[in-house]
1. Would you mind calculating the gained length between A128 and A290 on full extension (0.36 nm times residue separation, minus the Cα-Cα distance), in nm to one decimal?
2. Taking every DSSP beta bridge with both residues inside the chain, roughly what % is antiparallel (nearest 5)?
3. Debye sum, Cα scatterers, the stretch 166-291, no solvent: what log₁₀ I/I(0) at q = 0.13 1/Å?
4. Relative contact order (percent) for the stretch 182-318, with alpha-carbon contacts under 8 angstrom and 6 or more residues of separation?
5. So what does log10 I(q)/I(0) come out to for the stretch 109-207 at q = 0.13, 0.25 Å⁻¹, using the Debye formula with one equal point on every Cα and no solvent?
6. Would you mind computing, in nm to one decimal, how far apart the modelled labels at D272 and D38 are, each placed 7 Å from Cα along Cα→Cβ?
7. Can you tell me which of L277, L82, L183 moves the most in a GNM of the chain? Springs connect C-alpha atoms under 10 Å apart.
8. Just to be sure I understand: with springs between alpha-carbon atoms less than 10 Å apart, which residue in S143, S293, S283 has the highest mean-square fluctuation in the Gaussian network model of the chain?
Amino acid sequence: MITAADAEISRRHFLAAGGLTFAAAFLAPRGLYAEEDDLVGHALKEAARAKVTVQTLRRNISVLLGPGGNIAVLTGPDGKLLVDAEIVSARPNVSAALAGINADPVKQLINTHWHFDHTGGNEWLHEAGASILAHENTRKHLSKETRVEGWKHTFPAAPAGAIPSTVFKEDHTLHFNGDTLVLKHYLPAHTNSDISVHFTEADIFHTGDTFWNRDYPFIDYSTGGSIDGTIRAAEANLAKVTDKMIVIPGHGAVGGRADLVLFRDVMVEIRDKVAALKKQGKSLAEAVAAKPSAHYDGEWGNLFMTPSAFIALVYKGV
Ligand SMILES: [Zn+2]
């Protein structure tokens with residue numbers, strides 16, 4: 001259980017965090033809005049107001065940093081290719097950011113996984129002319145009613161236009177605007193639908209939500225995620241990354257190899273500490289009270305997930 005004191009600490013973090021408050025609201029199960037069941041509804045409202053900024057990366061690739069998952073944008077004669085599609089209500093700000101890059105239409109969309117903060121724009125982008133490509137489990141979860149216990153929310157089946165028309169199981173390669181994109185499925189990690197996207201010529205790697213840069217990750221146990229799967233995916237990312245590679249996380253600032261190392265180390269350390277507490281017979285409340293993540297909470301627990309909410313997710317899986 002999350003105590004009233006925890007909720008109060010969370011509320012103060014929430015107030016201090018400013019612009020990303022909506023994210024904290026929906027990604028902190030029972031953390032920030034202890035009494036509010038409709039965290040996803042709140043996120044939808046807040047995402048309509050949150051700003052979306054464009055960061056140029058390398059060659060013809062940039063990233064849109066906004067309220068939901070980070071969007072990679074590849075431009076060129078084939079039109080735009082997007083990796084991820086934000087929360088649906090961010091549409092006006094996403095559209096404006098895309099138009100600010102150039103006037104070319106979006107022709108291809110790739111979803112890194114099925115969550116609403118990465119697939120919310122699927123329908124409008126499809127109507128605007130984009131084909132949608134994803135892992136087969138993304139199509140599966142979007143095609144029918146799906147419950148996410150960690151958000152206390154049941155998502156209805158997505159409209160037909162939002163469903164990926166092309167799916168794959170293990171890996172998939174496509175050529176677009178002179179770049180070769182290699183897509184690879186992770187073993188179950190954050191969900192069971194996670195994929196990475198490597199723009200090989202530009203050497204830019206989008207990890208989806210298997211990597212959050214200096215923020216505790218949400219882990220969706222309802223659709224196959226776990227802390228051990230998250231650590232396994234972090235190891236897979238480390239096996240892939242080089243010193244020259246630019247890494248786009250699902251959430252947080254664009255980073256590189258050192259940030260992936262840190263993420264893996266933090267996940268392993270907290271997992272081991274929480275597992276030891278659970279093995280000693282500590283309840284979740286006692287494990288939270290022992291503050292096993294105290295060393296990182298100041299930086300990692302402010303915006304997206306409160307320390308208590310993250311420890312609850314780890315405790316569940318050890
Ligand atoms: Zn996610």
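1. 53.2 nm
2. Within the chain, antiparallel bridges account for around 70 percent of the total.
3. -0.56
4. Computed value for the stretch 182-318: 26 percent relative contact order.
5. -0.45, -1.39
6. About 4.5 nm, to one decimal.
7. Greatest mean-square fluctuation among the candidates belongs to L277.
8. S283
Every number here is computed from the coordinates shown, using simple stated rules; none is lab data. Given the structure is predicted, the values throughout are model-derived calculations rather than measurements. For neighbour counting, all protein chains shown are included, and Cβ atoms are generated from backbone atoms with ideal geometry for every residue, glycine included.
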